[in-house]
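What follows is a short report on a single structure.
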Amino acid sequence: MLLRAVLDFGLIAPVESNFEFMSCRGRQATWDSRFALKGSLPHYAPDRAFDTEHIRLEISVDLRRERFRGHCRTRLRAITDGVREMTFDAVNFKITGVRWNGKKSPYRYNDGKITVETKSPVKEGNRVEVDIFYEVVKPKLGLYFIRPSRAYPKNPTQVWTQGEDEYSRYWFPCFDAPHDRTTTEVVATVPFGFTAVSNGRLLRSSHNPRRKTSTFHWRQDIPHATYLVTLTVGRFSVIRDSWKGKPVLYYCEKGREGDARRAFSKTPLMLEFFSKNIGTSYPYAKYAQIAAADFIYGGMENTSATTQTDGALLDKRASLDYSSDELVAHELAHQWFGDYLTCKDWSHAWLNESFATYFDALFKRHDKGRDEFLLALRVNADAYLSEDKDHYRRSIVTKVFKRPTDLFDRHLYEKGSLVLHMLHQFLGEKLFWKGISTYVRKNRGKAVETLDLINALEEATGRNLRRFFDQWVFGAGHPEFRVRSWWDARKKEICLRVTQIHAVNNETGLFTVDTEFLFRTGKGEKREKVRIDKKSHLFRFRLDSEPALVLFDPDHALLKKLDFPKPEFQWLLQLEKDQNPLGRIDAAQALGKLGSSKAVEALRHALLSDKFWAVRAEAARALGSLASEEGSEILLHSLDILEHPKVRRAVYAALKSFRGRRMYGEIEKRFRKEASYFAEAEGLRALGALNPHKAPEVLRAALKTDSWNDVLRSAALEGFAATKGRQWIPLLLAHTRPGHSQKLRMAAIRCLAAFEGAPEIQPRLIELANDPYLLVQIAAVRVLHQTGDERAVPALKKLMAGDRDGRLKRLAEEAVEKITKNFE
Ligand SMILES: [Zn+2]
């Protein structure tokens with residue numbers, strides 16, 4: 001499952017791609033520092049009396065009334081002797097009949113569980129069949145109806161499901177835990193003209209002219225977990241691609257075929273890349289991606305039939321500097337890590353998410369090269385480090401949580417991806433892939449826990465990895481290093497004092513890491529390997545002459561924080577010569593703080609001529625942070641010659657810090673001609689920040705402009721918010737109303753955070769916390785967390801209970817805690 005990508009606005013802000021999050025953040029939220037909320041308990045996978053062997057689900061969907069009838073037949077095999085009953089998870093069903101081996105059977109139904117009983121106990125290994133007939137009207141979770149409405153007359157009619165983590169129980173009865181794996185069949189009857197897509201192979205489709213319905217019969221032959229069972233229904237167009245003879249299908253609403261092609265067309269390349277490197281070929285009968293309207297995640301890796309947000313569909317202009325490859329690769333990687341091998345219980349969910357996150361980056365390395373790969377890892381590191389600093393610290397594998405959704409955070413995705421990267425560096429290319437392919441080969445078709453990974457890696461590589469996993473996966477945090485270097489001219493030695501300066505406690509110890517120093521002298525570069533395993537080390541290395549540059553961890557392999565001050569001449573050389581783009585980015589940041597004329601000149605040079613766009617963008621940011629006359633000239637000049645749209649975005653953002661009439665005019669002259677939506681949007685934000693009197697006219701015009709995912713209208717609202725003028729609050733509030741695109745409404749909500757204390761805001765946010773669209777609710781609760789007072793508490797408390805999305809419950813609970821604490 002992917003939260004960020006196109007849809008999740010609040011979680012991370014990769015500088016190069018997350019246009020939604022650039023401004024309007026208000027002040028930094030101060031979250032509760034505890035991961036485990038009140039009432040958190042240790043979680044263990046539930047016991048099983050039966051193994052589920054097969055689920056056959058017949059479902060008939062009434063789109064107009066938003067309800068469906070189901071008949072679920074489950075074949076079960078008794079794991080032990082003497083079992084008399086079977087309990088299924090099933091929430092808010094109207095049960096119309098239950099049979100045990102074909103005979104009407106007594107059952108109890110309460111607290112979201114149906115227990116079906118038998119008179120004679122079942123012997124170990126014997127099979128039984130249980131039929132449950134039921135109806136669900138307007139389901140609260142699990143299965144979603146998207147329809148045109150008065151506010152959204154152009155909405156398509158669709159149905160999609162979302163099973164992860166424990167929501168399949170809202171649409172079919174099942175033993176809803178990831179360690180029970182089963183083959184499945186979905187036979188879906190929908191109105192004529194609609195297509196139903198599910199897991200596995202399409203066995204047949206038929207039409208009933210009398211009833212005006214179509215029935216689609218799908219069968220998934222390789223066992224999988226219940227949370228991966230899917231159904232999507234819509235008037236879809238299908239684009240047919242293929243990989244090694246297997247169908248690769250992209251489903252979208254009619255008219256979006258070109259956009260779907262732009263979003264998904266690298267899928268066969270990814271299938272090839274993953275199959276080859278993982279050493280186990282893509283196992284399923286087909287691979288479909290279905291673009292779903294108003295989807296509540298970026299994507300969901302349902303086995304062989306991934307649901308993707310339709311926000312990932314790309315028009316031509318958006319595809320200039322935005323790509324859905326990350327999302328597509330992430331969900332595809334899950335087909336191995338998550339679907340073919342599934343975490344045994346949610347405490348090991350990193351075996352799904354960290355792998356999908358890292359393998360998406362690995363595809364990027366294959367497709368776009370090393371620099372983009374390293375940048376993606378840096379973005380991941382920043383996301384994790386900011387959660388660690390501003391919110392909480394936890395170990396990646398932890399049993400104690402309140403709800404499984406709590407775990408789906410920056411530790412699970414981003415930190416885990418960096419841990420896998422360290423493992424990759426530590427083992428080297430050959431052993432890493434040998435280890436991964438052994439892990440997959442030995443565990444395919446099974447539920448896995450972290451020990452299975454360790455055992456497979458150790459078997460394949462001969463290395464003992466217990467310390468590595470103890471410190472990075474079962475322990476929490478990361479090392480913080482202080483490095484000081486000096487030259488001993490008498491002995492011709494470079495001296496380096498390395499200290500682990502982080503607080504050591506029960507969850508974060510001293511780290512043992514192998515790393516390197518790189519020294520650059522007149523004679524070239526020299527590397528020295530070191531092991532750090534104590535609080536403090538003094539290293540001395542003999543060199544011909546004093547080095548002009550010293551690098552610690554020159555490959556940026558370690559997840560760490562580093563305090564390593566250097567003289568200006570070293571930063572200058574690092575910006576110019578470091579082969580690693582992350583080293584050059586670090587140097588640009590450091591020089592942006594120094595601000596000497598040499599620093600400015602070096603940043604100018606980097607902005608105009610570094611070979612990697614992200615270093616140029618960082619140089620722009622650094623020049624912006626200096627806010628000098630000279631810097632503004634350089635930035636303006638760069639707009640006349642630089643073409644890369646992501647650099648242009650960074651330049652517009654940097655220009656925001658230069659007040660004065662002239663800058664406004666220069667931006668106004670240029671921004672409309674931008675090829676990229678995002679550069680144009682950045683121009684709008686800058687105008688709002690630069691001139692609160694003149695900008696509104698331009699911003700109003702932008703509010704009338706259509707763009708992909710409402711990028712331009714959202715930026716215009718952010719421009720209004722940047723003027724800080726309270727007279728624009730009604731305009732922002734108006735854009736939170738239904739009728740505007742959901743993305744625009746979310747942007748408007750985020751902008752309200754800039755006007756903390758304005759009396760008209762909180763009542764509206766409280767209303768929005770109960771909006772029918774989940775992501776709007778989440779956006780409103782996030783802003784209430786930042787700006788709300790005790791009047792919001794009753795509404796927030798209501799969101800903490802009942803049949804609601806786990807993310808929303810957690811955010812509401814955190815908001816209540818913070819507001820209550822402030823109040824006290
Ligand atoms: Zn995922």
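The values are calculated or read from the model by the stated rules, or taken from the named source; none is laboratory data. Predicted, not measured: the structure shown is a model, and the values here were computed from it. Positions of Cβ are generated from backbone atoms using ideal geometry, with glycine treated the same way; all protein chains shown enter the neighbour counts.
Could you give every pair whose Cβ atoms fall below 9 Å, whose first residue belongs to the stretch 289-301 and is within 18 Å of Ala356 (Cβ to Cβ), and whose second residue is assigned to a strand (DSSP E or B) and near the ligand (Cβ under 8 Å from one of its atoms), counting only separations of at least 6 or pairs across chains?
Note: pairs meeting the criteria are Gln289/Gly299; Tyr297/Leu2; Gly298/Leu2; Gly299/Leu2; Met300/Leu2; Glu301/Leu2.
Right, Ala177: of a type in the set (A, V, I, L, M, F, W, C) and not in a strand (DSSP E or B) or not?
Criteria met by Ala177.
Only one of (1) more than 23 Å from Gly163 (Cα to Cα); (2) more than 16 Å from the ligand (Cβ to nearest atom); (3) out of contact with any Ser or Thr (no Cβ under 7 Å at 6 or more places or on another chain); (4) of a type outside the set (Ser, Thr, Tyr) fails for Met270. Which number is that?
Only one criterion in (1) more than 23 Å from Gly163 (Cα to Cα); (2) more than 16 Å from the ligand (Cβ to nearest atom); (3) out of contact with any Ser or Thr (no Cβ under 7 Å at 6 or more places or on another chain); (4) of a type outside the set (Ser, Thr, Tyr) is unmet by Met270, namely (2).
Can you name every residue in the stretch 404-437 that is closer than 28 Å to Ala45 by Cα and surrounded by fewer than 18 Cβ atoms within 10 Å (Cβ to Cβ)?
Ser437
Has the stretch 195-214 got at least one residue that is assigned to a loop (DSSP other than H, G, I, E, B), of a type outside the set (Ser, Thr, Tyr) and buried (at least 20 other Cβ atoms within 10 Å of the Cβ)?
Within the stretch 195-214, one or more residues are assigned to a loop (DSSP other than H, G, I, E, B), of a type outside the set (Ser, Thr, Tyr) and buried (at least 20 other Cβ atoms within 10 Å of the Cβ).
State all residues of the stretch 241-257 that are assigned to a strand (DSSP E or B) and farther than 20 Å from Thr303 by Cβ; if no residue qualifies, say none. Steps first, answer last, please.
Residues of the stretch 241-257 assigned to a strand (DSSP E or B): 241-243, 246-253.
Cys252, Glu253, listed by residue number.
Would you check if Glu429 is more than 19 Å from the chain's Cα centre (by Cα) and within 15 Å of His348 (Cα to Cα)?
The answer is no for Glu429.
Looking only at the stretch 102-118, which residues are surrounded by 13 or more Cβ atoms within 10 Å (Cβ to Cβ) and modelled with pLDDT of 95 or more?
Result: Ser105, Tyr107, Tyr109, Gly112, Lys113, Ile114, Thr115, Val116.
Can you spot a residue in the stretch 300-315 that is surrounded by fewer than 20 Cβ atoms within 10 Å (Cβ to Cβ), not basic (Lys, Arg) and not assigned by TED's automatic domain parsing to the domain that holds Lys368?
yes
Just for the stretch 602-617: of the residues that are touching a Leu at 6+ places or on another chain (Cβ under 9 Å) and not hydrophobic (A, V, I, L, M, F, W, C), which one is surrounded by the most Cβ atoms within 10 Å (Cβ to Cβ)?
Among those that are touching a Leu at 6+ places or on another chain (Cβ under 9 Å) and not hydrophobic (A, V, I, L, M, F, W, C), it is Arg616.
At least 1 residues that are more than 25 Å from Gln727 (Cα to Cα) and aliphatic (A, V, I, L, M) in each: list the helices (runs of 4 or more DSSP H) lying fully within the stretch 608-700 that qualify.
Filter on the stretch 608-700 gives 613-626, 629-641, 645-655, 677-690.
Among the listed residues Pro156, Pro121, identify the single one that is in contact (Cβ under 8 Å) with a residue 40 or more places away in the chain, exposed (fewer than 13 other Cβ atoms within 10 Å of the Cβ) and not hydrophobic (A, V, I, L, M, F, W, C).
On the way: Pro156 fails: exposed (fewer than 13 other Cβ atoms within 10 Å of the Cβ).
Only one candidate passes the filter, namely Pro121.
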